[in-house]
């Protein structure tokens, strides 16, 4: 019996954000007059993977997408690297204060007879 892979659904916001990022990457690449093959080579990926990224394919690895965006000089966050480092450290400090695991609250037992 063959198992069918469950298709993943994404929110409209996530879908639109990935499509927008893909289009921004494609626009930047074309403005820089860089071919798909050249950009794919610089990123260390196949040309077909770059095409998926530019089309907003949600199955592409986020690291690959971020790397391609960085290569074509798209700013992913409105901050410089020092600010991002500071924000990462700040988030780490906050996370350290929280419990290591989060569990669902137990159902209360109704023992009132």
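If I fit a long axis through the Cα atoms of helix 62-71 and take the longest principal axis of the Cα atoms of the chain, what angle between them do I get, 0 to 90°, rounded to 10?
The helix 62-71 is inclined about 40 degrees to the chain.
Please report Rg over Rh for the stretch 7-113, where both radii come from the alpha carbon positions and Rh follows the Kirkwood definition. Before the final figure, lay out each step's value.
Values: Rg = 20.4 Å, Rh = 16.9 Å.
My calculation puts Rg/Rh at 1.20.
Calculate how steeply helix 81-97 sits against the longest principal axis of the alpha-carbon atoms of the chain, using the helix alpha-carbon long axis, and give the answer as 0 to 90 degrees to the nearest 10.
10 degrees
List residues of the stretch 17-41, by number, whose backbone nitrogen lies under 16 Å from a label position 7 Å along Cα→C-beta of residue 67.
Residues 37-41 fall inside that zone.
For the stretch 55-113, what does the alpha-carbon gyration tensor say about shape, rounded, prolate or oblate, given a ≥ b ≥ c as the root eigenvalues, a/c under 1.5 as rounded, and a/b over b/c as prolate?
oblate
Give the distance, in whole Å, between the Cα centre of the stretch 1-71 and the Cα centre of the stretch 78-113.
Centre-to-centre distance over Cα atoms comes out at 30 Å.
Can you give the helix-only mean residue ellipticity at 222 nm for the chain, where every DSSP H stretch with n ≥ 4 adds -39500 (n - 2.57) and the sum goes over all residues, rounded to the nearest 500 deg cm²/dmol? Don't jump to the answer; show the numbers that get you there.
Numbers: 5 runs with 64 residues, N = 113.
Taking each H run of at least 4 residues, the total per residue is -18000 deg cm²/dmol.
Along each of the three principal axes of the Cα atoms of the stretch 1-56, give the extent in whole Å, ordering the values from largest to smallest.
Largest to smallest, the principal-axis extents are 48, 28, 12 Å.
Once the piece of chain linking residue 93 and residue 81 is laid out straight, how much longer is it, given 0.36 nm per residue of separation minus the C-alpha distance between them?
The span from residue 93 to residue 81 would gain 2.5 nm if fully extended.
Pairs of Cα atoms under 8 Å, at least six residues apart: use those to get the relative contact order of the chain, whole percent. Before the final figure, lay out the partial values.
Working: 59 pairs, mean separation 26.1, N = 113.
Over the chain, the number comes to 23 percent.
At 7 Å along Cα-to-Cβ for each site, give me the label-to-label distance between residue 51 and residue 112 in nm.
That separation, rounded to one decimal, is 6.5 nm.
Bear in mind that the values in this text are calculations on the coordinates, not laboratory data. Please read all numbers here as calculations on a predicted model, not as lab measurements. Heads up, the Cβs are rebuilt from the backbone with ideal geometry, glycines too, and the neighbour counts pull from every protein chain shown.
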